Every structure is written in structure tokens, then in C-alpha cells.
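First the structure, in the form of C-alpha cells, and then the observations on it.
What follows is calculated from the coordinates using simple rules that are stated; it is not laboratory data. For clarity, every value in this text was computed on a predicted model and none was experimentally measured. Please note: Cβ atoms are built from the backbone with ideal geometry, for glycine as well, and neighbour counts cover all protein chains shown.
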Amino acid sequence: MKREKKLTKKERQAMAGKGPTGARAAGGGGGGGGEHIHCVSCGRHLDPSEFDSPATATFVQCAHGSQFAACLGCQIPAQKLLDEHDRTGQPVKAASAWH
């Protein structure tokens, strides 16, 4: 009996995107179209317009290249979460989403 062909990790990321929500961070918040972004540190809902000037949100990046959204006030705690992720190899301990 033959097994079904599975997609590689690279192929899955190309289809779904990187990061905890599958949202790509390219272009300062993506290209609209139903993106639902939350701060990795506090869980606050972030609108794509918050990444535009004057920015109230930004993206932080782990050593593996994945990008995560963060409020400007949470940028340092968010980077600490990513540093722990890089150090331990465990998934990022993102906060629960809230609105």
C-alpha cells in the first residue's frame, strides 16, 4: 500500500505563510484581505493600519527568520519571548488573543 505524498515544510510555509498565524509580515502588515493580527506579547488585536506611519505596532523577528507582530510598548517583552524561543527551540509562548 502506497503512502500519500506529504508536502515538505518549505512547501507548506509557501502555501500558508510563516509565523503563528500564518500571516506574512512582508510590506509592513501585509496586503489587507482579512488578516487578523495580534501582539505576540500582550495579545491585543492589531489593525494593519497600525504598521503604517505613525506606527503603533511593529514586527519582531526570531533567529529562524519568522516574524511576529508586537505593539510598540510590547516590543522589548516580545523580543524576550523570541529570544527564549531561539535559546530553547520551543514554540513561541505567545499571549492569548483579545480584542
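Can you give me the long-range amide H partners of Ser41? Hydrogens built in the peptide plane at 1.01 Å from N, cutoff under 5 Å, separation of 5 or more residues or another chain. Excluding prolines and chain starts, which carry no amide H, the hits are Cys71, Ala95.
Three principal axis extents of region 49-99 based on alpha-carbon atoms, in descending order, are 34, 23, 15 Å. Entry note, region 30-99: relative contact order of 36 percent, from Cα contacts under 8 Å with a spacing of 6+ residues.
When you count the other C-beta atoms within 10 angstrom of each residue and take the mean per peptide, 56-68, 86-98, 36-48, 2-14 line up highest first as 36-48, 56-68, 86-98, 2-14. Net charge dipole, region 30-99: roughly 240 debye, given to the nearest 20, about the Cα centre with Cβ charges of +1 for Lys and Arg and -1 for Asp and Glu. Using θ = phi - 60° in the Karplus curve 6.51 cos²θ - 1.76 cosθ + 1.60, the 3J(HN,Hα) couplings for region 49-64 round to 5, 5, 8, 8, 5, x, 6, 10, 8, 8, 10, 10, 10, 8, 5, 7 Hz; x is entered for Gly and Pro. Each of Asp47 and Lys80 was given a label point 7 Å from its Cα along the Cα-to-Cβ line. The distance between the two points is 3.0 nm.
Working from label points 7 Å from Cα in the Cα-to-Cβ sense, the Lys10 to Val92 distance is 2.3 nm.
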